[in-house]
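> Following this message is one structure expressed as structure tokens.
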Amino acid sequence: RQNGAELLRTASGRAMVVETGQTLTLLFDPMSGGTRGVVPALTGTARDRMLVPVIYKGSARLAAEARRAGWRVLRVADDAVVDPAGFAPEGARYRQLRRKLRQAEKAGVTVAREAVNACLLEDLARIDRQWVAEHRGARGFSMGRFCPEYLADQQIFVARQAGKVIAFVTLHETSRDLALDLMRHGETPPDGTMHLLIARAIEAARDDGRRRFTLAAMPAQPRSASRLETGLRARITQASGGAGLTRFKECFA
């Protein structure tokens with residue numbers, strides 16, 4: 001909806017692709033018709049445009065079809081998945097999370113799920129502008145960008161301090177799952193603010209009877225990687241800010 005995606009027609013249905021400077025990238029599995037014919041359709045279209053064909057976050061079935069066609073499959077990310085029903089931040093593995101939650105609560109931060117309205121959108125837009133300026137832009141591609149129409153279809157959790165909006169997160173929702181999308185904060189929020197936002201969102205998912213909560217992707221750390229590959233992954237992760245993201249998501253076990 002935001003990244004200039006276009007339809008790719010395959011032998012069995014339709015898929016979504018995004019053209020970058022060097023690639024024609026298929027995002028996820030096809031929207032209809034299954035995976036049959038996807039790999040040759042993507043390869044042919046990319047060749048016609050003199051681009052490299054890529055599949056990002058394909059299913060195991062699609063990855064297997066790509067392997068049979070001579071493609072290589074590379075593990076680049078892991079999804080940080082939480083079971084809402086079993087979420088109880090107790091024990092040693094949640095020690096860091098509990099400390100962060102205490103810090104935020106001690107600073108007077110409160111979190112609630114809020115419905116979209118004009119006044120709230122003004123506050124969220126202000127926070128987004130501050131975040132984008134501090135981070136030199138929003139990444140986009142497979143990640144969302146701030147847009148009022150886009151947020152209207154998401155769940156929104158808002159952090160306030162003394163009544164003022166200081167941070168927020170948005171989540172995609174299905175009948176069973178919630179998936180983290182936007183994470184935004186203003187200048188120097190109290191320590192633990194973002195942790196408190198996620199914790200309250202997981203608790204809400206649990207109360208709503210949802211079966212899965214995903215914090216979305218973080219850089220993969222495969223144990224079988226060679227020393228060279230491990231070093232390269234570490235350099236890329238550090239340069240992209242992925243190290244901090246990984247530490248944040250690992251707080252939720």
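> Given the conditions (1) free of Cβ contacts under 8 Å to residues at least 12 places away in the same chain; (2) on the phi < 0 side of the Ramachandran plot, and given that residue 53 satisfies all but one, which numbered condition is not satisfied?
(1)
> Looking at the stretch 1-26 only, could you name the residues that are open to solvent by 80 Å² or more (accessible area, probe 1.4 Å), in a loop (DSSP other than H, G, I, E, B) and either closer than 14 Å to residue 143 by Cα or touching a Gly at 6+ places or on another chain (Cβ under 7 Å) (or both)?
1
> If you check 171, 151, 178, which single one turns out to be surrounded by 13 or more Cβ atoms within 10 Å (Cβ to Cβ) and farther than 24 Å from residue 100 by Cβ?
Going through 171, 151, 178 in turn, just one is surrounded by 13 or more Cβ atoms within 10 Å (Cβ to Cβ) and farther than 24 Å from residue 100 by Cβ: 151.
> Which count do you get for residues in the stretch 35-58 that are part of a loop (DSSP other than H, G, I, E, B), open to solvent by less than 40 Å² (accessible area, probe 1.4 Å) and either of a type in the set (Ser, Thr, Tyr) or modelled with pLDDT under 95 (or both)?
Number of matching residues: 3.
> Same structure, new question: Would you check if residue 193 is polar (S, T, N, Q), surrounded by 15 or more Cβ atoms within 10 Å (Cβ to Cβ) and within 16 Å of the chain's Cα centre (by Cα)?
It is false that residue 193 is polar (S, T, N, Q), surrounded by 15 or more Cβ atoms within 10 Å (Cβ to Cβ) and within 16 Å of the chain's Cα centre (by Cα).
> For the stretch 158-173, what are the residues that are of a type in the set (A, V, I, L, M, F, W, C) and under 17 Å from residue 191 (Cα atoms)? So that I can check it myself, show each step before the final result.
First, the residues of the stretch 158-173 that are of a type in the set (A, V, I, L, M, F, W, C): 158-159, 162, 165-169, 171.
Matches in the stretch 158-173: 158, 159, 162, 165, 166, 167, 168, 169.
> Further question: Have a look at 124, 120 and point out the one that is open to solvent by less than 40 Å² (accessible area, probe 1.4 Å), among the hydrophobic types (A, V, I, L, M, F, W, C) and over 22 Å from residue 215 (Cα atoms).
120
> If you check residue 145 against the conditions, is it at pLDDT 95 or above and either open to solvent by 30 Å² or more (accessible area, probe 1.4 Å) or under 21 Å from residue 251 (Cα atoms) (or both)?
When the stated conditions are applied, residue 145 does not pass them.
> Another question about this same structure. Of these, 206, 212, 223, 200, which one is open to solvent by 60 Å² or more (accessible area, probe 1.4 Å), at pLDDT below 85 and among the basic types (Lys, Arg)?
On the way: 206 fails: at pLDDT below 85; 212 fails: at pLDDT below 85; 200 fails: at pLDDT below 85.
After ruling out the rest, the residue left standing is 223.
> When residue 61 is evaluated against the numbered criteria (1) modelled with pLDDT under 95; (2) farther than 30 Å from residue 42 by Cα, which criterion, by number, is the only one it fails?
Failing condition for residue 61: (2).
> Here's something else I'd like to know. Can you pull out every residue in the stretch 59-71 that is open to solvent by 40 Å² or more (accessible area, probe 1.4 Å) and either among the aliphatic types (A, V, I, L, M) or touching a Pro at 6+ places or on another chain (Cβ under 8 Å) (or both)?
Answer for the stretch 59-71, where residues must be open to solvent by 40 Å² or more (accessible area, probe 1.4 Å) and either among the aliphatic types (A, V, I, L, M) or touching a Pro at 6+ places or on another chain (Cβ under 8 Å) (or both): 60, 69.
> Test residue 179 against the stated conditions and say whether it is among the aliphatic types (A, V, I, L, M) and without any contact (Cβ under 8 Å) to a residue 12 or more places away in the chain.
Working: among the aliphatic types (A, V, I, L, M): yes; without any contact (Cβ under 8 Å) to a residue 12 or more places away in the chain: no.
So residue 179 fails the test.
> Limited to the stretch 72-100, what total is found for residues that are without any contact (Cβ under 8 Å) to a residue 60 or more places away in the chain and surrounded by fewer than 16 Cβ atoms within 10 Å (Cβ to Cβ)?
9
The values are calculated or read from the model by the stated rules, or taken from the named source; none is laboratory data. This is a predicted model, so every value here is computed, not measured. Note that we place each Cβ from the backbone using ideal geometry, even for glycine, and neighbour counts take in every protein chain shown. Heavy atoms of the whole protein, side chains included, go into the accessibility calculation; ligands, DNA and RNA do not. Shrake-Rupley method; radii C 1.70, N 1.55, O 1.52, S 1.80 Å.
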